[in-house]
Amino acid sequence: MAMTHAASGELIDIRPLGAALRQTHSRTLVRAEHLEIFRFVLPAGQTAPDHKASGALTLQCLEGVVELDAHGRTQTLRAGDLVYLADAAPHAVRALEDASLLVTILLRRA
């Protein structure tokens, strides 16, 4: 089954998931030629190991608490925090609490 993504002009609900967070999977919300936006759900204790994106990105913590390892340091993101990472910057994310992040990637396509 094909996953549906938001169309241009369509409203997207990114409010915190609250009690539904543990039953919700990460989901791509927008996929366009040079842009991808997805809600990344990470239960407490889980990690997205060191990786890099094909483009510049922002991570916005919508709920919960995560640690971000990037640029040789660890930062804690809480609801309302946003961080920018340059194109292909290696990073890892670790959930200290159940968390959801809004990830926006400006894709670099060959």
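Structural remarks
- Normalised contact order of the chain, rounded percent, pairs of Cα under 8 Å and 6 or more residues apart: 33 percent
- Here the convex hull built on the C-alpha positions of the chain has a volume of 116 cubic angstrom per residue.
- Classified by the C-alpha gyration tensor, segment 38-102 has a prolate form. Its axis ratio a/c, with a ≥ b ≥ c, is 1.5 or above, and a/b is larger than b/c.
- Rounded D (µm²/s) - segment 15-76, Kirkwood Rh over Cα pairs, Stokes-Einstein at 20 °C, 1.002 mPa s: 159 µm²/s
- The charge dipole of the chain, taken about its Cα centre with unit charges on the Cβ atoms of Lys, Arg (+1), Asp and Glu (-1) only, comes to about 140 debye.
Only the coordinates and a few stated rules stand behind these numbers; no lab work does. On a predicted model such as this, the values are computed, not experimentally measured, just so you know. Every residue, glycine as well, gets a Cβ built from its backbone with ideal geometry; the counts of neighbours run over all protein chains shown.
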